[in-house]
Amino acid sequence: MKWSKLKNFLAQCNLMLNRSLINKSYPPIIFDVEKQRVKFFSKATGQTDPVYFDEDVAKEKGFPSLLAPLTFLTTVSHEKKNPYQYLHDLSIDMKNILHASQSYKYHHLVFAGDQITMESKIKDMYDKKNGTLQFIEFESIFLNQNKKLIAESLSTLVIR
Amino acid sequence: MNIWNYKSASIGEFLPELKLEPVSRTNLALYAGASGDHNPLHIDTDYVNEIGLPDVIAHGMLIMGYLGRVLTNNFSQGQILEYHVQFSSITNIGDKLTCSAKVVKIFTNDKKKNLELELSVKNQDDDLKLKGHSLVKIL
């Protein structure tokens, strides 16, 4: 058997094993939304509206504190003790992975001072192009300190 | 920034597009720090050379963050119900990105008027980097 064929075969066996991890959930992450972090994230994504930087402006608009930008919740997922644990669980090398898609459904705004709990699980795994591209979907929900659902997300990663 | 008025939106209409400065290493370093995404793919040239890439590549989520500004430049953030993107191709250092949004649907749901927008990010060569859509409540 040619090496490339063998590699493909092994990859496919691996994928079959991996599928048993569908529905695996990860321990919740608790994240305090700090003002400095909101400002830093807002600067890094080029926001210009003072509602992201100036607490007085945010309060004038009736908000409790600085507003967190639309994609701010992505920071929560990187706060895991070992953010790449799932790669280890799935025996995937980080260098082979890319972000394929990202979805958010919003229910409530997030502000500095909130405490967010993120609960995630592996929702699905599938492959395309005869197994040469494998996909993993992570589904997450985000709750605030009052246990109110604030957002849902779906992240799809592709393994090359 | 609210030059475009969603109250008179019509299907096929484009929101004011957002043209960005070329993507720089500083942008990626700042985003790595701010987001907590420390994947070396975005910040460490030695690492990317080792895995056979010529240079670091942008975080997809950074570009999603940029594109989100087209939405929040024209709507209050609380109006935005859904925001989805697909990362179509890699964004490189130096890419000059244009973020666009187009109204594709206007409908009433639960007595609330909603807009559906089609979103895209392209570079200077018109290569598609991101495509997506968003659902926004307007009344």
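Laboratory data are not the source of any read-out in this text; all were calculated from the coordinates shown. Fair warning: this is a prediction, and the values are worked out from it, not measured in the lab. No Cβ is skipped: glycine too gets one built from the backbone with ideal geometry, and neighbour counts run over all protein chains shown.
The long axis of helix A:3-18 is offset from the longest Cα principal axis of chain A by roughly 50 degrees.
Taking Cα atoms only, the orientation of helix B:60-74 departs from the longest principal axis of chain B by about 30 degrees. Relative to the dominant Cα principal axis of chain A, helix A:35-44 is inclined by about 60°.
Enter the mean number of other protein chain beta carbons within 10 Å of the beta carbon of each residue in B:58-64, as an integer.
Whole-number average of other-chain Cβ neighbours for B:58-64 is 5.
Counting only aspartates and glutamates at least 8 places from A:Lys35 when in the same chain, those with an alpha carbon closer than 12 Å to its own are A:Asp54, A:Glu55, A:Asp114. Rounded to the nearest whole Hz, the Karplus-based 3J(HN,Hα) values (6.51 cos²θ - 1.76 cosθ + 1.60, θ = phi - 60°) of the range A:85-99 follow the sequence 4, 4, 5, 5, 4, 9, 6, 10, 7, 4, 5, 9, 10, 9, 7, with x at glycine and proline.
Estimated purely from DSSP H runs of n ≥ 4, each contributing -39500 (n - 2.57), the mean residue ellipticity at 222 nm for chain A is -7000 deg cm²/dmol once divided by its residues. Take the cross-link list A:Lys59/A:Lys105; A:Lys61/A:Lys148; A:Lys81/A:Lys121 and give me the ones stretching past 20 Å between alpha-carbons. Too far apart for the 20 Å limit: A:Lys59/A:Lys105; A:Lys61/A:Lys148.
Show the residues, 5+ positions off or on another chain, whose built amide H is closer than 5 Å to the amide H of B:Lys113. So B:Lys113 has HN proximity to B:Ile138, B:Leu139.
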